[in-house]
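**Q** Questions regarding the structure given below will be posed in turn.
The values are calculated or read from the model by the stated rules, or taken from the named source; none is laboratory data. All of these numbers come straight from a predicted model, not from anything done at the bench. With ideal geometry, Cβ positions are generated from the backbone for all residues, glycine too; neighbour counts draw on all protein chains shown. The area values use the complete protein model at the heavy-atom level, side chains included, leaving out ligands, DNA and RNA. Shrake-Rupley method; radii C 1.70, N 1.55, O 1.52, S 1.80 Å.
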Amino acid sequence: MKILLLEDEVMLNESICEYLESFGHVVEPFFDGQEAFDAMKQNSYDLFILDINVPQIDGLSLLEQLHALKIHVPTIYISALVDIEDISRAYNLGCYDYLKKPFHLKELALRIDRIVATSKTPNVHLVLSKNYSYDQQHATLFFQQEPQTLTKKQMQIIDLLARNRGLVVDFEQFQEYVWSDTIVDNATIRAEINRLKKILKEDMVVNVRGMGYMIEKP
């Protein structure tokens with residue numbers, strides 16, 4: 001899953017990131033509610049993990065503002081707040097779970113597994129162009145309903161672009177999502193995307209000069 005984590009305690013933030021990434025999740029850490037809100041508006045995520053008492057925009061107000069923008073993503077709150085009013089407000093906002101600090105990281109992982117197992121994702125088959133579509137659930141690219149064979153990295157590139165249809169994906173996002181296990185330069189990322197574009201039978205991956213790449217919404 002691609003997870004946005006909002007937690008202003010540095011050590012806890014780093015521990016959660018390291019633990020969840022060991023299970024293959026991609027975690028983007030934030031320490032400030034405003035910065036997290038800006039990222040939420042620009043990018044697509046599968047899950048939010050939010051602390052409540054954070055700088056700028058608190059975690060509860062953050063979800064309220066997202067819902068006003070019609071952005072609905074499964075959310076787990078992690079907080080030291082034990083007041084029943086705060087907990088009730090969190091659930092009224094539609095959060096999936098509420099973990100009281102301190103908690104064991106394994107407990108957080110189990111809550112995430114439960115969301116993965118029970119969440120309904122009706123839009124798992126995405127239309128990318130006139131002839132291409134992408135099955136998120138099975139990570140398969142189709143051309144005229146025929147499955148296509150791609151390398152692991154090429155499929156990760158398609159997955160990232162498909163999840164962010166209509167938005168520009170910059171080189172930092174490719175680095176974090178596709179090359180998370182190593183550091184590569186922009187030229188390497190560009191070369192891999194160019195190889196992918198040569199394989200595709202339609203020019204659906206658009207180069208946005210000086211910014212990155214995108215798949216436009218059909």
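**Q** Report the Cα centroid-to-centroid distance between region 59-75 and region 18-50 in angstrom, as an integer.
**A** With region 59-75 and region 18-50 each reduced to a Cα centre, they are spaced 14 Å.
**Q** Rounded to the nearest 20 Debye, what is the dipole magnitude of region 82-170 about its Cα centre when Lys and Arg each give +1 and Asp and Glu each give -1 at the C-beta?
**A** Its charge dipole is roughly 160 debye.
**Q** Further, regarding this structure: Could you work out the Kirkwood radius for the chain, taking every pair of different alpha carbons, averaging 1/r and inverting it, reported in Å?
**A** 18.5
**Q** Please list Phe31, Phe37 in order of solvent-accessible area, largest first, computed with a 1.4 Å probe with all protein chains present.
**A** Most to least solvent-accessible, the answer reads Phe31, Phe37.
**Q** OK, next. Summing +1 for each Lys or Arg and -1 for each Asp or Glu, what net charge is found among the other residues whose Cβ lies under 9 Å from the Cβ of Leu126?
**A** Counting the neighbours of Leu126, the net charge comes to +1.
**Q** Further question on the same structure: What is the antiparallel percent of DSSP beta bridges lying wholly in region 56-205, to the nearest 5?
**A** DSSP beta bridges in region 56-205 are roughly 70 percent antiparallel.
**Q** In terms of Cα to Cα distance under 23 Å, which lysines are near enough to Lys70, apart from those fewer than 8 places away along the same chain?
**A** The reachable lysines, counting only those whose Cα sits under 23 Å from Lys70, are Lys2, Lys41, Lys120, Lys217.
**Q** Can I ask one more? Calculate the tail of P(r) for region 92-171: the fraction of all Cα-Cα distances greater than 19 Å, expressed in %.
**A** 54
**Q** Given region 144-218 reduced to its alpha-carbon atoms as identical point scatterers, what log10 I(q)/I(0) does the Debye formula return at q = 0.16, 0.20, 0.22 Å⁻¹?
**A** For the requested q values the scattering log ratios are -0.53, -0.85, -1.04.
**Q** While we're on this one: Ranked by accessible surface with a 1.4 Å probe, highest first, in what order do Tyr177, Tyr77 come?
**A** Result, largest first: Tyr177, Tyr77.
**Q** Hey, what angle do you get for helix 10-21 against the long axis of the chain, alpha-carbon based, 0 to 90 degrees rounded to 10?
**A** 50
**Q** Per residue, how much accessible surface does region 81-199 expose to a 1.4 Å probe? Answer in Å², no decimals.
**A** For region 81-199, the solvent-accessible area averages 59 Å² per residue.
**Q** Add -39500 (n - 2.57) for each DSSP H run of 4 or more in the chain, then divide by its residues: what number comes out at 222 nm, to the nearest 500 deg cm²/dmol?
**A** Theoretical 222 nm ellipticity from helices: -12000 deg cm²/dmol.
**Q** Specify which residue in the list Ala191, Pro102, Asn92 is farthest towards the positive end of the charge dipole of region 85-218, using unit charges on the beta carbon of Lys, Arg (+1) and Asp, Glu (-1), about the Cα centre.
**A** Ala191
**Q** Related question: Determine the share of region 63-218's accessible area contributed by carbon and sulfur atoms, expressed in whole percent, with a 1.4 angstrom probe.
**A** 51
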